[in-house]
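Okay, structure first, notes after.
The values are calculated or read from the model by the stated rules, or taken from the named source; none is laboratory data. A quick note: this is a predicted structure, and the numbers were derived from the prediction, not measured. Here the Cβ is made from the backbone with ideal geometry for all residues, glycine too, and neighbour counts use every protein chain on show. Please note that ligands, DNA and RNA were not included when accessible areas were found on the heavy atoms of the full protein model with its side chains. Shrake-Rupley method; radii C 1.70, N 1.55, O 1.52, S 1.80 Å.
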Amino acid sequence: MAKKDYLPKILETGANELEIIDFRMYEVLDNNDIYEWILGVNVAKVREVTRRPENIVKSPGSPPEVEGIAKIRGEVVPIVNLAKWMKIKEPEGAGKYVIVMEFLREIVGVIVHEAKRIRRIKWADIKKPPPSIEERLGGKIVGVIEIEDGNLLLLLDFEGILDELGMIKIFGVEEELPEEIERRGHFNVLVLDDSPVARKIIRGILEKDGHTVIEASSGLEGLDILNNFLQKAASEGKDITDYIQLIVSDIEMPGMDGLTFTRKIKEHPEFSKIPVIINTSLSDKATVDKAKFVNADAHLVKFDAPDLLKLVHKYAIKKKEE
(Lines give C-alpha, C1' and ligand atoms only; values in the text may rest on other atoms or scores of the structure.)
Protein backbone atom coordinates (compact mmCIF):
# COMPACT_ATOMS: atom_id res chain seq x y z
CA MET A 1 0.00 0.00 0.00
CA ALA A 2 1.38 3.44 -0.89
CA LYS A 3 2.19 5.76 2.00
CA LYS A 4 -0.36 8.36 1.01
CA ASP A 5 -3.13 5.72 0.97
CA TYR A 6 -3.17 5.38 4.75
CA LEU A 7 -1.88 8.70 5.99
CA PRO A 8 -4.36 11.53 6.62
CA LYS A 9 -3.52 14.73 4.78
CA ILE A 10 -2.06 16.43 7.85
CA LEU A 11 0.55 13.64 8.03
CA GLU A 12 1.51 13.75 4.36
CA THR A 13 5.11 14.76 4.06
CA GLY A 14 5.94 18.03 2.43
CA ALA A 15 2.48 19.49 3.09
CA ASN A 16 4.16 22.24 5.15
CA GLU A 17 0.93 22.48 7.16
CA LEU A 18 -0.12 22.10 10.76
CA GLU A 19 -3.29 22.21 12.80
CA ILE A 20 -3.56 24.55 15.75
CA ILE A 21 -6.00 25.09 18.58
CA ASP A 22 -7.25 28.67 18.52
CA PHE A 23 -7.80 29.76 22.14
CA ARG A 24 -8.50 33.09 23.80
CA MET A 25 -7.38 35.10 26.80
CA TYR A 26 -9.35 38.15 27.93
CA GLU A 27 -7.70 41.18 29.54
CA VAL A 28 -9.46 43.90 31.52
CA LEU A 29 -7.94 47.20 30.42
CA ASP A 30 -7.58 50.33 32.55
CA ASN A 31 -10.83 51.75 31.09
CA ASN A 32 -12.58 48.43 31.92
CA ASP A 33 -12.83 47.44 28.25
CA ILE A 34 -12.04 43.81 27.50
CA TYR A 35 -9.17 43.04 25.11
CA GLU A 36 -9.28 39.64 23.40
CA TRP A 37 -5.94 37.90 22.92
CA ILE A 38 -6.13 35.39 20.05
CA LEU A 39 -3.56 32.67 20.69
CA GLY A 40 -2.64 29.27 19.30
CA VAL A 41 -0.80 26.03 19.99
CA ASN A 42 0.01 23.08 17.74
CA VAL A 43 -2.65 20.36 18.02
CA ALA A 44 0.14 17.76 18.04
CA LYS A 45 1.15 19.00 21.49
CA VAL A 46 -2.37 18.84 22.92
CA ARG A 47 -3.81 15.85 24.76
CA GLU A 48 -7.14 17.44 25.56
CA VAL A 49 -9.00 20.59 26.57
CA THR A 50 -10.83 20.09 29.86
CA ARG A 51 -12.51 21.99 32.66
CA ARG A 52 -10.16 23.48 35.21
CA PRO A 53 -9.60 20.96 38.02
CA GLU A 54 -11.27 21.89 41.28
CA ASN A 55 -8.40 20.75 43.50
CA ILE A 56 -5.12 22.38 42.45
CA VAL A 57 -2.48 21.99 45.16
CA LYS A 58 0.20 24.67 45.36
CA SER A 59 3.75 23.29 45.12
CA PRO A 60 6.28 24.75 47.58
CA GLY A 61 8.96 26.78 45.83
CA SER A 62 7.19 26.96 42.50
CA PRO A 63 6.97 30.34 40.70
CA PRO A 64 3.73 32.35 41.10
CA GLU A 65 2.77 31.60 37.48
CA VAL A 66 2.53 27.91 38.36
CA GLU A 67 -0.85 27.50 40.01
CA GLY A 68 0.16 24.13 41.45
CA ILE A 69 -0.37 20.48 40.60
CA ALA A 70 -3.56 18.57 39.94
CA LYS A 71 -4.64 15.07 39.02
CA ILE A 72 -5.95 14.81 35.47
CA ARG A 73 -7.02 11.34 34.30
CA GLY A 74 -4.95 9.78 37.07
CA GLU A 75 -1.74 11.69 36.32
CA VAL A 76 -0.22 14.46 38.42
CA VAL A 77 0.15 17.49 36.15
CA PRO A 78 1.74 20.91 36.84
CA ILE A 79 -0.76 23.68 36.07
CA VAL A 80 0.50 26.97 34.61
CA ASN A 81 -1.71 30.06 34.87
CA LEU A 82 -1.21 31.74 31.50
CA ALA A 83 -2.90 34.98 32.62
CA LYS A 84 -0.36 35.37 35.42
CA TRP A 85 2.50 34.73 33.00
CA MET A 86 1.04 37.31 30.58
CA LYS A 87 0.58 39.72 33.53
CA ILE A 88 -2.97 40.55 32.52
CA LYS A 89 -5.98 41.39 34.70
CA GLU A 90 -8.62 38.72 34.19
CA PRO A 91 -12.37 39.25 33.98
CA GLU A 92 -14.44 37.86 36.84
CA GLY A 93 -14.87 34.09 36.53
CA ALA A 94 -12.30 33.64 33.75
CA GLY A 95 -9.84 30.77 33.53
CA LYS A 96 -12.26 27.87 33.55
CA TYR A 97 -10.43 25.67 31.05
CA VAL A 98 -7.11 23.83 30.90
CA ILE A 99 -5.26 22.82 27.76
CA VAL A 100 -3.35 19.65 28.66
CA MET A 101 -0.18 19.38 26.57
CA GLU A 102 2.43 16.67 26.22
CA PHE A 103 5.85 17.71 24.99
CA LEU A 104 9.45 17.74 26.17
CA ARG A 105 8.78 14.26 27.60
CA GLU A 106 6.35 15.70 30.15
CA ILE A 107 2.72 16.70 30.59
CA VAL A 108 1.71 20.24 31.54
CA GLY A 109 -1.67 21.95 31.91
CA VAL A 110 -2.20 25.59 30.91
CA ILE A 111 -5.18 27.56 32.23
CA VAL A 112 -6.92 29.51 29.43
CA HIS A 113 -10.17 31.44 29.15
CA GLU A 114 -11.74 29.85 26.07
CA ALA A 115 -10.87 27.28 23.40
CA LYS A 116 -12.47 28.34 20.10
CA ARG A 117 -11.68 25.97 17.25
CA ILE A 118 -9.07 23.99 15.33
CA ARG A 119 -7.46 25.73 12.36
CA ARG A 120 -5.37 24.23 9.58
CA ILE A 121 -2.68 26.62 8.42
CA LYS A 122 0.46 26.63 6.30
CA TRP A 123 3.82 27.28 7.88
CA ALA A 124 4.46 29.69 5.02
CA ASP A 125 1.59 31.87 6.30
CA ILE A 126 3.24 32.32 9.69
CA LYS A 127 5.03 35.65 9.86
CA LYS A 128 7.33 37.31 12.36
CA PRO A 129 5.43 39.16 15.09
CA PRO A 130 5.40 42.97 15.22
CA PRO A 131 8.09 44.21 17.64
CA SER A 132 5.49 45.74 19.98
CA ILE A 133 3.66 42.41 20.43
CA GLU A 134 6.88 40.43 20.72
CA GLU A 135 8.12 42.80 23.43
CA ARG A 136 4.77 42.65 25.24
CA LEU A 137 5.00 38.85 25.52
CA GLY A 138 8.71 38.69 26.23
CA GLY A 139 9.68 37.33 22.81
CA LYS A 140 7.79 34.10 23.48
CA ILE A 141 5.97 34.06 20.14
CA VAL A 142 6.73 31.56 17.38
CA GLY A 143 4.95 33.75 14.83
CA VAL A 144 1.69 35.43 13.86
CA ILE A 145 -1.05 34.46 11.42
CA GLU A 146 -3.58 36.86 9.92
CA ILE A 147 -7.10 35.50 10.33
CA GLU A 148 -10.61 36.89 9.82
CA ASP A 149 -11.19 40.67 9.87
CA GLY A 150 -7.46 41.34 9.84
CA ASN A 151 -6.97 39.97 13.36
CA LEU A 152 -3.66 38.40 14.33
CA LEU A 153 -3.40 34.96 15.96
CA LEU A 154 -0.22 34.56 18.00
CA LEU A 155 1.50 31.17 18.19
CA LEU A 156 3.09 30.95 21.63
CA ASP A 157 6.56 29.52 22.28
CA PHE A 158 5.68 27.24 25.18
CA GLU A 159 9.24 25.91 25.35
CA GLY A 160 10.38 29.46 26.02
CA ILE A 161 7.66 30.01 28.60
CA LEU A 162 8.57 26.83 30.48
CA ASP A 163 12.25 27.77 30.38
CA GLU A 164 11.43 31.19 31.79
CA LEU A 165 9.54 29.51 34.64
CA GLY A 166 12.50 27.23 35.37
CA MET A 167 10.61 24.11 34.28
CA ILE A 168 12.79 23.05 31.33
CA LYS A 169 15.44 21.71 33.73
CA ILE A 170 12.91 19.21 35.01
CA PHE A 171 12.55 17.87 31.49
CA GLY A 172 15.91 16.18 31.10
CA VAL A 173 18.66 18.69 30.38
CA GLU A 174 21.83 17.03 31.67
CA GLU A 175 24.40 18.97 33.67
CA GLU A 176 27.22 16.49 33.00
CA LEU A 177 27.76 14.88 29.63
CA PRO A 178 28.11 11.09 29.67
CA GLU A 179 31.59 9.63 29.38
CA GLU A 180 30.47 6.24 28.05
CA ILE A 181 29.62 7.61 24.58
CA GLU A 182 32.08 6.40 21.96
CA ARG A 183 33.28 9.68 20.52
CA ARG A 184 34.30 9.70 16.86
CA GLY A 185 35.57 13.26 16.59
CA HIS A 186 34.32 16.83 16.52
CA PHE A 187 31.77 17.87 13.90
CA ASN A 188 30.20 20.89 12.27
CA VAL A 189 26.48 20.68 13.03
CA LEU A 190 23.74 22.80 11.46
CA VAL A 191 20.98 23.31 14.06
CA LEU A 192 17.54 24.51 12.94
CA ASP A 193 15.03 25.72 15.53
CA ASP A 194 12.83 28.80 15.66
CA SER A 195 13.10 28.94 19.47
CA PRO A 196 16.18 30.87 20.74
CA VAL A 197 15.85 28.93 24.00
CA ALA A 198 15.99 25.57 22.19
CA ARG A 199 18.96 26.65 20.08
CA LYS A 200 20.80 27.83 23.19
CA ILE A 201 20.25 24.51 24.96
CA ILE A 202 21.24 22.40 21.95
CA ARG A 203 24.26 24.60 21.21
CA GLY A 204 25.40 24.27 24.84
CA ILE A 205 25.18 20.46 24.72
CA LEU A 206 27.03 20.22 21.40
CA GLU A 207 29.71 22.81 22.15
CA LYS A 208 30.43 21.20 25.51
CA ASP A 209 31.19 18.03 23.55
CA GLY A 210 33.57 19.95 21.28
CA HIS A 211 31.39 20.44 18.20
CA THR A 212 30.94 23.59 16.12
CA VAL A 213 27.33 24.79 15.80
CA ILE A 214 25.84 26.80 12.94
CA GLU A 215 22.34 28.09 13.70
CA ALA A 216 19.22 28.71 11.61
CA SER A 217 15.74 29.72 12.76
CA SER A 218 13.76 28.14 9.90
CA GLY A 219 13.94 25.69 7.02
CA LEU A 220 14.31 28.58 4.58
CA GLU A 221 17.28 29.98 6.48
CA GLY A 222 18.78 26.48 6.70
CA LEU A 223 18.55 26.05 2.92
CA ASP A 224 20.22 29.44 2.41
CA ILE A 225 23.11 28.40 4.65
CA LEU A 226 23.52 25.09 2.81
CA ASN A 227 23.41 26.80 -0.61
CA ASN A 228 26.11 29.23 0.52
CA PHE A 229 28.31 26.33 1.62
CA LEU A 230 27.62 24.53 -1.65
CA GLN A 231 28.83 27.56 -3.62
CA LYS A 232 31.91 27.77 -1.39
CA ALA A 233 32.58 24.06 -1.90
CA ALA A 234 32.40 24.48 -5.70
CA SER A 235 34.81 27.42 -5.65
CA GLU A 236 37.28 25.63 -3.36
CA GLY A 237 37.04 22.22 -5.01
CA LYS A 238 35.60 20.59 -1.91
CA ASP A 239 32.47 18.66 -0.93
CA ILE A 240 29.50 20.03 1.02
CA THR A 241 30.29 17.52 3.79
CA ASP A 242 33.63 19.24 4.34
CA TYR A 243 31.64 22.10 5.88
CA ILE A 244 28.58 20.41 7.43
CA GLN A 245 28.68 16.86 8.77
CA LEU A 246 25.24 16.70 10.40
CA ILE A 247 21.90 18.55 10.54
CA VAL A 248 19.68 18.68 13.63
CA SER A 249 16.25 20.13 12.79
CA ASP A 250 13.14 21.05 14.73
CA ILE A 251 9.75 20.44 13.07
CA GLU A 252 7.74 23.52 14.06
CA MET A 253 9.24 26.52 12.25
CA PRO A 254 7.65 29.44 10.39
CA GLY A 255 8.10 29.75 6.63
CA MET A 256 9.23 26.16 6.11
CA ASP A 257 8.80 23.44 8.71
CA GLY A 258 11.45 20.85 9.48
CA LEU A 259 9.68 18.03 7.64
CA THR A 260 9.50 19.96 4.38
CA PHE A 261 13.11 21.05 4.89
CA THR A 262 14.21 17.44 5.45
CA ARG A 263 12.33 16.23 2.38
CA LYS A 264 14.07 18.88 0.26
CA ILE A 265 17.46 17.90 1.71
CA LYS A 266 16.92 14.22 0.98
CA GLU A 267 15.84 14.98 -2.61
CA HIS A 268 18.89 17.17 -3.32
CA PRO A 269 21.85 15.42 -5.02
CA GLU A 270 24.44 17.11 -2.77
CA PHE A 271 22.60 17.96 0.44
CA SER A 272 21.33 14.38 0.73
CA LYS A 273 24.85 13.33 1.72
CA ILE A 274 24.32 15.03 5.09
CA PRO A 275 22.49 13.01 7.77
CA VAL A 276 19.43 14.69 9.33
CA ILE A 277 18.18 14.19 12.89
CA ILE A 278 14.65 15.43 13.60
CA ASN A 279 14.75 17.00 17.07
CA THR A 280 11.31 17.92 18.40
CA SER A 281 9.30 18.42 21.56
CA LEU A 282 6.77 15.85 20.29
CA SER A 283 7.11 12.14 21.06
CA ASP A 284 3.86 10.76 19.61
CA LYS A 285 3.86 8.00 16.99
CA ALA A 286 2.48 10.34 14.31
CA THR A 287 5.55 12.58 14.66
CA VAL A 288 7.91 9.60 14.45
CA ASP A 289 6.04 8.43 11.33
CA LYS A 290 6.41 11.86 9.75
CA ALA A 291 10.16 11.82 10.36
CA LYS A 292 10.43 8.39 8.74
CA PHE A 293 8.37 9.47 5.73
CA VAL A 294 10.74 12.29 4.89
CA ASN A 295 13.69 9.87 5.24
CA ALA A 296 15.19 11.54 8.31
CA ASP A 297 18.05 9.46 9.65
CA ALA A 298 16.80 9.62 13.25
CA HIS A 299 14.16 11.17 15.53
CA LEU A 300 14.93 12.66 18.94
CA VAL A 301 12.75 14.18 21.66
CA LYS A 302 14.09 17.38 23.26
CA PHE A 303 16.14 17.85 25.45
CA ASP A 304 18.23 14.82 26.34
CA ALA A 305 21.98 15.37 26.16
CA PRO A 306 23.03 11.69 26.18
CA ASP A 307 20.53 10.75 23.46
CA LEU A 308 21.53 13.72 21.31
CA LEU A 309 25.24 12.99 21.60
CA LYS A 310 24.79 9.29 20.90
CA LEU A 311 23.01 10.16 17.65
CA VAL A 312 25.59 12.82 16.75
CA HIS A 313 28.44 10.33 17.04
CA LYS A 314 26.41 7.63 15.30
CA TYR A 315 25.30 9.61 12.25
CA ALA A 316 27.69 12.51 11.71
CA ILE A 317 29.94 12.04 8.71
CA LYS A 318 33.48 11.17 9.83
CA LYS A 319 35.95 13.08 7.68
CA LYS A 320 39.44 11.76 7.06
CA GLU A 321 42.07 13.50 9.13
CA GLU A 322 44.22 15.87 7.14
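Numbers for the structure displayed
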item: Percentage of interatomic Cα-Cα distances in the stretch 218-322 larger than 16 Å; result: 58
item: Relative contact order (%) - the chain, alpha-carbon pairs under 8 angstrom, separation at least six; result: 17
item: Thr212 - accessible surface, heavy atoms, 1.4 Å probe, Å² rounded to 10; result: 70
item: Calculated P(r) of the chain - Cα pairs past 30 Å, %; result: 38
item: Distance in nm between pseudo-label sites at Arg120 and Ser132 (7 Å out along the Cβ direction from Cα); result: 3.5
item: Estimated FRET transfer efficiency (Glu54, Asp224; beta-carbon r; R0 56 Å; 0.05); result: 0.65
item: GNM flexibility winner over the chain from Asn16, Asn279, Asn32 (Cα, springs under 10 Å); result: Asn32
item: Student exercise, the stretch 65-150 dipole from Lys, Arg, Asp, Glu Cβ charges, in Debye to nearest 20; result: 180
item: DSSP bridge pairs, the chain: antiparallel proportion in percent, nearest 5; result: 65
item: Solvent-accessible area per residue, Å², over the chain with all protein chains present [probe radius 1.4 Å]; result: 48
item: Ranked order, Glu54, Glu65, Glu146 - accessible area, probe 1.4 Å, largest first; result: Glu54, Glu146, Glu65
item: Of the DSSP H helices in the chain, those whose Cα atoms cover at least 24 Å axially and whose Kyte score averages -0.5 or more; result: 219-236
item: Residues Tyr35 and Ile107, FRET efficiency given R0 of 35 Å [Cβ-Cβ distance, rounded to 0.05]; result: 0.70
item: Apportionment of accessible area to carbon and sulfur, the chain, percent (1.4 Å); result: 48
item: Solvent exposure ordering (accessible area, 1.4 Å, most first) of Lys285, Lys266; result: Lys285, Lys266
item: Average Cα contact separation per residue, the stretch 257-322, under 8 Å, 6 or more apart, as relative contact order %; result: 34
item: Cα Rg over Rh - the stretch 149-296, Kirkwood; result: 0.99
